[in-house]
Amino acid sequence: MKFLVIASLILCIPMVVMAQKASKFFAYEYTIDDLPNGLRLITVPTDYPNLVALYIVVRTGSRNEVEKGKSGYAHFFEHLMFRGSEKYTAEQREKIFKAAGAETNAYTSDDRTVYHATFSKEDLDKIMEMEADRFQRLKYTQEQYKTEAGAVRGEYDKSASNPVTILYEKLRETAFKKHTYAHTTLGYIADIQDMPNQYDYSWQFYNRYYRPEYTTIVVVGDVTRANALAMTRKYFGDWKRGNYVPQIPSEPEQKEPRTAHVDWASPTLPYLVVAFRGPAFSDESKDKAALDLLASIAFGENSDLYQKLVLKEQKVDFISASFDDSIDGELFSVFARVKDQKDVDHVRDEILQTFKRYSTEMVPQKELDDTRSRTRYGLAMVMNSSEAIAGILAPYIALKRTPETLNKLFDVYTQITPEDVRSTAAKYFVDRNRTIVTLATDKKKEAGK
């Protein structure tokens, strides 16, 4: 990677990085500008005309909810941020976005909250002004706060009607005992129920994390660095840096396999998840990359296990691996929905046998090469608009604050050998790292309805 560093003499001292197109995975030129207050701007001009995708990535998710009784606030703020600010009410914001033909939304995960909009390039200045106002001068009354707390409760109740939501909740709280990954993005129901009483705490949360040092602005599309930087300085330049650093508890080493079960009160097919403690995201270490490739090889639709359980035996109608890129160590999980309760143990054993197989047996070189190629070109193919490019960048910006991490990650993928996959599987897929959770209809509860 060749970097062209340009020092600015006014207002801030930006680091400007021009990425080569060459053979890097992320083929777009981009610039990085750091303002003195800690805010980072990443500008990615594209050939897609007239439109701009604006993503504001806050490196705060449920991982940052460190206080007992205060889970769910990162997601709660995803809601509150649409209630209006000092200069713009919620209705005024909506009217301006509507006039701009903008598509705008937000989402929250373990490690980040992302606000995004796509609109005509002529509206970038106005929308940057509005976004700056809510990030620095959010405004909501106690009544509005309670209304939004009710909306969050409603969202939880709706989500909790899905067995997978509760299965996932049980998995997290069983596998993690100290780390904040123990609770999901929505938070514990007891904490959600208490949210209407925590108006003052909500401002504490906002003032901790809605700060420039936690935030990266990503502008992708028909835009120049000069324009994006000028608007960022104009509207976000006076944003005050904070000083809060959360003490995220470390998860101690797991020393024994764990199991849990969820009794479901209504009719459902049984669910099963088998998970092992895995590594955090890294664009340097081989461990995460090796297991990423194995997830597809061992549990994807082309895998032997999928062919056997889904197509040949037809024991399950769904099986899939999940292994997110996370700041701290994450679970490598395999979820399955079983067609008949009597087959749950069989499906569990087949999944466990697959973990064991790849801990002792090397994957064929061609299968590894094919998977590596599909991973690279599959992701590249969906980067077919400015919005898609920004959307794919956002999680990696939350992790490393630079698109370069994608290039480094795919460089690591190219280095993975069959022995790397086997040895990494053997390292992580050991009994003491394992958590198994099942969910099935509780016949007694169902009968008691």
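What the table below lists for this structure:
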item: Considering residues of segment 281-338 that are among the charged types (D, E, K, R) and over 30 Å from ASN407 (Cα atoms) only, the residue most open to solvent (accessible area, probe 1.4 Å); result: LYS312
item: Where a residue in segment 20-40 is over 19 Å from ALA394 (Cβ atoms) and its partner, wherever it lies, is assigned to a strand (DSSP E or B) and at pLDDT 95 or above, with Cβ under 8 Å and at least six apart; result: LEU35/LEU41
item: For SER120: the one exception among (1) small (Gly, Ala, Ser); (2) surrounded by fewer than 18 Cβ atoms within 10 Å (Cβ to Cβ); (3) without any contact (Cβ under 8 Å) to a residue 60 or more places away in the chain; (4) under 21 Å from ALA53 (Cβ atoms); result: (3)
item: Within segment 370-389, tally of residues that are surrounded by 14 or more Cβ atoms within 10 Å (Cβ to Cβ) and either in contact with a Pro (Cβ under 6 Å, 6 or more places away or on another chain) or not aliphatic (A, V, I, L, M) (or both); result: 9
item: Test: residue in segment 270-277 that is part of a helix (DSSP H, G or I), touching a residue at least 60 places away in the same chain (Cβ under 8 Å) and within 21 Å of LEU399 (Cα to Cα); result: no
item: Qualifying residue in segment 101-111 (condition: open to solvent by less than 30 Å² (accessible area, probe 1.4 Å), of a type in the set (Asp, Glu) and under 25 Å from the mean Cα position of the chain (by Cα)); result: yes
item: Residue count for segment 221-276, restricted to those that are open to solvent by less than 60 Å² (accessible area, probe 1.4 Å), charged (D, E, K, R) and touching a helix residue (DSSP H, G or I) at 6+ places or on another chain (Cβ under 8 Å); result: 3
item: Test for ALA336: is it within 18 Å of PHE429 (Cβ to Cβ) and assigned to a strand (DSSP E or B); result: yes
item: Strands (runs of 3 or more DSSP E) wholly inside segment 28-112 that include at least 3 residues being modelled with pLDDT of 95 or more and either in contact with a helix residue (DSSP H, G or I) (Cβ under 6 Å, 6 or more places away or on another chain) or among the basic types (Lys, Arg) (or both); result: 40-45, 51-58
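To keep it simple, each residue is scored yes or no on (1) touching a Leu at 6+ places or on another chain (Cβ under 6 Å); (2) open to solvent by less than 50 Å² (accessible area, probe 1.4 Å); (3) under 30 Å from GLU103 (Cα atoms); (4) touching a residue at least 12 places away in the same chain (Cβ under 8 Å).
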{"site": "ILE351", "(1), (2), (3), (4)": "no, yes, no, yes"}
{"site": "GLU367", "(1), (2), (3), (4)": "no, no, no, yes"}
{"site": "ALA394", "(1), (2), (3), (4)": "no, yes, yes, yes"}
{"site": "ARG401", "(1), (2), (3), (4)": "no, no, yes, yes"}
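The values are calculated or read from the model by the stated rules, or taken from the named source; none is laboratory data. Please read all numbers here as calculations on a predicted model, not as lab measurements. A quick note on method: Cβ atoms are made from the backbone with ideal geometry, for glycine too, and the neighbour counts reach across all protein chains shown. Accessible surface is based on the protein model in full, side chains and every heavy atom, while ligands, DNA and RNA are left aside. Shrake-Rupley method; radii C 1.70, N 1.55, O 1.52, S 1.80 Å.
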